[in-house]
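Here is the structure we will look at, set down as structure tokens.
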Amino acid sequence: MRFSLLVINYSFYKIANAVVSFFILVMMSRLMGAEGYGIFSLMLVNVGFFNLLSSMGAEAGIAYHSAAGFATDRILRMLWKIILFQTALIFLIEFFHFELFSVNWLLASDSFRIGLIGILYFVIASVNEKYICLLNGKQMFLSTAGLILFCNILLLLALLVVPLFFTGGMQTAVYYIAFVAAGFVQAVVLIIIGNSIRRNRLDDTPSGTDIKAGSFLSYSVITYFANLMQFAAYRIDIWAIHYFKGPETLGPYAVASRLLQFFWLLPGVIATTLLVKIANEKERFESRMLHAVLRVTNGINLFAATVLLVLANWFIPVVFGKNYSGAVLPFLILTPGYVMFCNTVILAAFFAAKNKLKVNFGGSMLCLLTGAVLNLLLVPRLGAMGAACGTSISFIITTVFFLVKYRREERLSWRQLIIPFKKDFLILKELSPYVYRKES
């Protein structure tokens, strides 16, 4: 398959998955209610953060060793050792957390049995994350993207069917089970594919030596801590609202935050394309392409944000229900920060491709520190509105940091960096498929 076609198909899967994810967001929030969705959102954040923390950068090591041609069976042995370590660790943490506080950490439930759902989902999420890295290292991007889309469609169908057969308090538990089951299906398929690769590629290790744990866990220490800080910076508002105000306030806020994350879809796809282009064609890469990307992305997002700001007061209550009217104000406050942060998504990929990881590390630290301080100061007094203010300001400050770094390197004026030009759309044609003549 031509590399250009791979990029196009992968982008299609990403967009299709975003559409399905939007409908899942609508269904889950309406079916679980504001408080239930707040607890659900907290579980997702806790699972994501602990998986990132306890894997100690293993995902990057898995992808690297897989791409480098190391024997799949050796990678799988190391992969499962890490998963077993994570499972034992989260079980111990949940056990002692429940003993001390009479509540689970992942799921914030006062029932240890229900808390086991959170542990099960954590294990499934860990398996999926690591196997996706393994397959992506083998350039099986379309297989993993297609599988994620398929499982999300299954989950959406399940959410449509559940209310027909279950009523009352049983529904919420069934929603969690449906969500975990979709992840379980994904994990089973990934394991089957991974094992099929192992059977077919037993002797592809270049060195013939065993893989050391250190090469997995310290593949990129700077990247690991930068990603950890950035994840915490993204979700410090969720933790602050839950701690100070509870899940009933968190639910509407989580909906507003999740909606705005769709703004990062286009920059994410662009960042992936640019990163590959810079890495594979450094001598041919021209900065004017990135300048045009930034300006056009800002223009598109500014237009979309303006439309949503005008419609938010009507759109959110109609689509998500009156219980989520409290999401409107946080949505309005968060929008400037999320829209501006699109620049950071693109520029972080640029600095990573240029191997200037210290810039990304500094930006992540700045985002975490400003977000933590502002949320801790504002949430106790202002609730969700305070979290929105703190998060939006931290995103804006971080974006300014990246723009200043990039502006100094490229010697651009602010107008050249932000305001679109007519010629930008002609320049962007150079990022269209014909420039990718490399076969995968």
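The values are calculated or read from the model by the stated rules, or taken from the named source; none is laboratory data. As the structure is a computational prediction, the values presented were derived from the model and not from experiment. Cβ placement follows ideal geometry from the backbone for every residue including glycine, while neighbour counts extend to all protein chains displayed.
Descriptive notes on the structure:
- Within the stretch 258-308, if we keep just the residues that are modelled with pLDDT of 75 or more and of a type in the set (Ser, Thr, Tyr), the residue that is farthest from residue 333 (Cα to Cα) turns out to be 297.
- When 393, 418 are checked against the criterion of being at pLDDT 95 or above, surrounded by fewer than 21 Cβ atoms within 10 Å (Cβ to Cβ) and either farther than 18 Å from residue 254 by Cα or assigned by TED's automatic domain parsing to the domain that holds residue 296 (or both), a single residue qualifies: 393.
- Tally, over the stretch 396-415, of residues that are acidic (Asp, Glu) and at pLDDT 75 or above: 1
- Qualifying position, being assigned to a helix (DSSP H, G or I), out of contact with any Gly (no Cβ under 6 Å at 6 or more places or on another chain) and at pLDDT below 90, among 255, 174, 180: 174
- The stretch 322-339: number of residues that are under 30 Å from residue 292 (Cβ atoms) and buried (at least 23 other Cβ atoms within 10 Å of the Cβ): 5
- When residues of the stretch 84-121 are limited to those that are in contact with an Asp or Glu (Cβ under 7 Å, 6 or more places away or on another chain) and in a helix (DSSP H, G or I), the one modelled with the lowest pLDDT: 115
- Members of the stretch 93-119 found to be in contact (Cβ under 8 Å) with a residue 60 or more places away in the chain and either at positive phi or exposed (fewer than 12 other Cβ atoms within 10 Å of the Cβ) (or both), listed by number: 108
- Boolean, residue 373 is among the β-branched types (Val, Ile, Thr), at pLDDT below 95 and out of contact with any helix residue (DSSP H, G or I) (no Cβ under 6 Å at 6 or more places or on another chain): no
- The stretch 61-79, residues that are touching a Cys at 6+ places or on another chain (Cβ under 9 Å), crowded, with 22+ Cβ neighbours inside 10 Å and under 18 Å from residue 223 (Cα atoms): 61, 62
- Selection count, the stretch 37-56, where residues are of a type in the set (Gly, Ala, Ser) and closer than 21 Å to residue 24 by Cβ: 3
- Every residue from the stretch 62-92 that is hydrophobic (A, V, I, L, M, F, W, C), in contact (Cβ under 8 Å) with a residue 40 or more places away in the chain and farther than 18 Å from residue 190 by Cα: 68, 70, 90
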